[in-house]
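Structure first, commentary second.
The values are calculated or read from the model by the stated rules, or taken from the named source; none is laboratory data. Keep in mind it's a predicted model, so treat the numbers as computed, not measured. Methodologically, a virtual Cβ is constructed for each residue, glycine included, from the backbone with ideal geometry; neighbour enumeration extends over all protein chains shown. Areas reflect the complete protein model, heavy atoms only, side chains present, ligands, DNA and RNA absent. Shrake-Rupley method; radii C 1.70, N 1.55, O 1.52, S 1.80 Å.
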Amino acid sequence: MNPRLTILLVAVLLIFGGTFLAVRLTGSTEVAKFTPWLYQIDDQSIVHVEVTYGEQTVNYAKAPGTGDWYIEGEPAVPVLQAKWQGTPLLLGGPKVSRVLAEKMENPASFGLEPPLTRVRVTDVGGTILEFHLGEATPDTKNQYARLAGHPALFAVPSEWADAVSRLATEPPYPPEKAEKAPGAG
C-alpha cells in the first residue's frame, strides 16, 4: 500500500475519532425535558370558536365546505384574513411552560374561578374542547391555565394567552366593519 495514502487515512481517522470523542466528553448528559401540550387539535378540523373575556363574547364559525371564517352575528361578518390567518393554528393547542400541580386546590387564587378568559373550540365531529386562562404568573412570562373538567394547573406562555384573549377584545373585523363593531373606538 502507498505510504502517503496510509498516512492520509490514519490522519482522517484520528480527526474523526478525536472530534467524536471531544463531542462525547463535552456533550450534555441531561435528557431533554418533555414538555406536554395543554391540548392538541388539528387546526383544519376546527369549525367553531367561542372566546369570552370578562363580559365580552365573540363567536367565530367556519363556513361549511370552505376555509372561510366569519364572526357570528346579524349578519355574519367575514374575518379580516390578514389578522385571522394564523388563528386556527394558534388554537390547535399550546405547549405548556410547566405543569404546576396535578390537582389544583384553589382555582380562584389563580384567576380561574371564574376564569379571565374562557375558550370553547369545536371540531368538525362536534367535540367541544374548553379551556380557561387565568392571571399572569408572578414572573409575567406565563399565564395560569386549565382544561375544563380536569384538575391540573398549567402555565402557558403569556404571548399565546394574550393572543387568544384578544379574539374577544379585538375581533378581526374588516376595516369597513371595525368602526361599527362593539368596543371599537
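Can you name the strands (runs of 3 or more DSSP E) wholly within the range 17-106 that have at least 1 residues being under 23 Å from Thr127 (Cα atoms)?
Details: elements: 46-53, 56-62, 69-71, 98-101.
In the range 17-106, the matching strands (runs of 3 or more DSSP E) lie at 46-53, 56-62, 69-71.
So that you can scan it fast, the table gives a plain yes or no per residue for (1) open to solvent by 80 Å² or more (accessible area, probe 1.4 Å); (2) modelled with pLDDT of 95 or more; (3) outside any strand (DSSP E or B); (4) within 19 Å of Pro94 (Cβ to Cβ):
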{"position": "Gly134", "(1), (2), (3), (4)": "no, yes, no, yes"}
{"position": "Gln143", "(1), (2), (3), (4)": "no, yes, no, yes"}
{"position": "Arg146", "(1), (2), (3), (4)": "no, yes, no, yes"}
{"position": "His150", "(1), (2), (3), (4)": "yes, no, yes, yes"}
{"position": "Ala155", "(1), (2), (3), (4)": "no, yes, no, yes"}
{"position": "Glu159", "(1), (2), (3), (4)": "yes, yes, yes, yes"}
{"position": "Asp162", "(1), (2), (3), (4)": "no, yes, yes, yes"}
{"position": "Leu167", "(1), (2), (3), (4)": "no, yes, yes, yes"}
{"position": "Glu176", "(1), (2), (3), (4)": "yes, no, yes, no"}
Q: Could you grab the pairs with beta carbons closer than 9 Å, sequence gap of 6+ or different chains, first residue in the range 91-106 and among the hydroxyl-bearing types (Ser, Thr, Tyr), second one at pLDDT below 95?
A: Ser97/Thr35
Q. Are any residues in the range 107-122 out of contact with any strand residue (DSSP E or B) (no Cβ under 8 Å at 6 or more places or on another chain) and either part of a loop (DSSP other than H, G, I, E, B) or in contact (Cβ under 8 Å) with a residue 24 or more places away in the chain (or both), and if so, which ones?
A. Glu113, Pro114
**Q.** Every residue from the range 43-67 that is open to solvent by 70 Å² or more (accessible area, probe 1.4 Å) and farther than 16 Å from Asp162 by Cα
**A.** Gln44, Glu55, Pro64, Gly65
Q: From (1) closer than 17 Å to Tyr173 by Cβ; (2) among the small types (Gly, Ala, Ser); (3) at pLDDT below 95, pick out the condition that doesn't hold for Ala61.
A: (3)
Q.
If I filter the range 91-125 down to residues being open to solvent by 50 Å² or more (accessible area, probe 1.4 Å) and closer than 19 Å to Tyr70 by Cβ, which single residue comes out as modelled with the highest pLDDT?
A. Arg120
Q) What are the pairs, 6+ residues apart or on separate chains, where a residue within the range 53-65 that is among the aromatic types (Phe, Trp, Tyr) has its Cβ under 8 Å from a residue that is in a strand (DSSP E or B) and open to solvent by less than 20 Å² (accessible area, probe 1.4 Å)? A) Tyr53/Thr117; Tyr60/Val49; Tyr60/Val51; Tyr60/Trp69; Tyr60/Ile71
